[in-house]
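A.B. asks: Here it is, the structure, as structure tokens.
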Amino acid sequence: MDERVQLGVELLAHLECEELPLSDAMDRVETITTDPHLTREILDTAEMRGLLDREDGLVRPSGGVYVSFDSEVVQREGEFTCKRCGADISTGHFIQFDAAEHGPFGSSCIRKVTGRE
């Protein structure tokens, strides 16, 4: 399986929210890929594995497993561009998933991507 698909599935499985609009889920997946075929594969794979339900334009994660900011998010200093908003950042936040590391994100975008905000 494509590493980006696996990474996207893990990201969706770890969302810290009860439900969110499909467009918000897509916003998170687009931090991994903007390819519509891969995006669809990520959503379909997550749904087939029972990690989320899609209905009426809403996505409901069913995993209940969230990203631990203490152990699964690493901060690094340097010159980075946030994967979500495109801003230049000096502190990058990276999520450590089994499939791969995902980031960098700024301090507010990491919270949005994980569903904390």
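A.B. asks: Tell me the angle of helix 3-13 to the major Cα principal axis of the chain, expressed in degrees between 0 and 90 and rounded to the nearest ten.
C.D. replies: 80 degrees
A.B. asks: What number, in percent, do you get for the relative contact order of the chain if the mean sequence gap of Cα pairs under 8 Å and at least 6 apart is divided by its residue count?
C.D. replies: 28 percent
A.B. asks: Under 1.5 on a/c is rounded, so check that first for the chain, then, if it is not, pick prolate when a/b is larger than b/c and oblate when it is not; a ≥ b ≥ c are the square roots of the alpha carbon gyration tensor eigenvalues.
C.D. replies: Cα axes put the chain in the prolate bin.
A.B. asks: Modelled label-to-label distance, GLU18 and ASP70, 7 Å Cα→beta-carbon offset: nm?
C.D. replies: Between GLU18 and ASP70, the simple spin-label model gives 2.6 nm.
A.B. asks: Take every Cα pair under 8 Å in segment 7-74 that's 6+ residues apart, average their separations, divide by the length, and report that relative contact order as a whole percent.
C.D. replies: Reported as a whole number, the value is 46 percent.
A.B. asks: Let me ask something else. At 7 Å along Cα-to-Cβ for each site, give me the label-to-label distance between ASP88 and ARG116 in nm.
C.D. replies: About 2.6 nm separates the two model spin labels.
A.B. asks: A further question follows. Explain nothing, just the number: dipole magnitude of the chain about its Cα centre with +1 on each Lys and Arg Cβ and -1 on each Asp and Glu Cβ, in debye rounded to the nearest 20.
C.D. replies: It works out to roughly 160 debye.
A.B. asks: Sticking with this structure for a sec: Report the local net charge at ASP2: Lys and Arg +1, Asp and Glu -1, summed over other residues whose C-beta lies under 14 Å from its C-beta.
C.D. replies: Details: positive: ARG4, ARG40; negative: GLU3, GLU10, ASP35, GLU41, ASP44.
Overall, the nearby charge balance is -3.
A.B. asks: Still on this structure, I have one more. Evaluate the charge dipole of segment 42-82 about its Cα centre and quote only its size in Debye, nearest 20, assuming +1 on the Cβ of each Lys and Arg and -1 on the Cβ of each Asp and Glu.
C.D. replies: On the way: 4 positive and 9 negative charges, 18 e Å.
So the dipole magnitude of segment 42-82 works out to roughly 80 debye.
A.B. asks: Separation between the ARG49 and SER108 pseudo-spin-labels, each 7 Å from Cα along Cα→Cβ, expressed in nm?
C.D. replies: 3.1 nm
A.B. asks: Would you mind counting up the charge near ASP56? Only other residues with Cβ under 15 Å from its Cβ, with Lys and Arg at +1 and Asp and Glu at -1.
C.D. replies: -4
A.B. asks: What part of the accessible area of the chain, given as a whole %, is carbon or sulfur when the probe is 1.4 angstrom?
C.D. replies: Carbon plus sulfur share of accessible area: 43 percent.
A.B. asks: A further question follows. For segment 1-109, what does the accessible surface come to per residue with a 1.4 Å probe? Please give it in Å². Let's see the in-between values first.
C.D. replies: On the way: 5900 Å² over 109 residues.
For segment 1-109, the per-residue accessible area is 54 Å².
The values are calculated or read from the model by the stated rules, or taken from the named source; none is laboratory data. Just so it is clear, the model here is predicted, and its values are computed rather than measured. A quick note on method: Cβ atoms are made from the backbone with ideal geometry, for glycine too, and the neighbour counts reach across all protein chains shown. Surface areas here come from the heavy atoms of the whole protein model, side chains and all, with no ligands, DNA or RNA. Shrake-Rupley method; radii C 1.70, N 1.55, O 1.52, S 1.80 Å.
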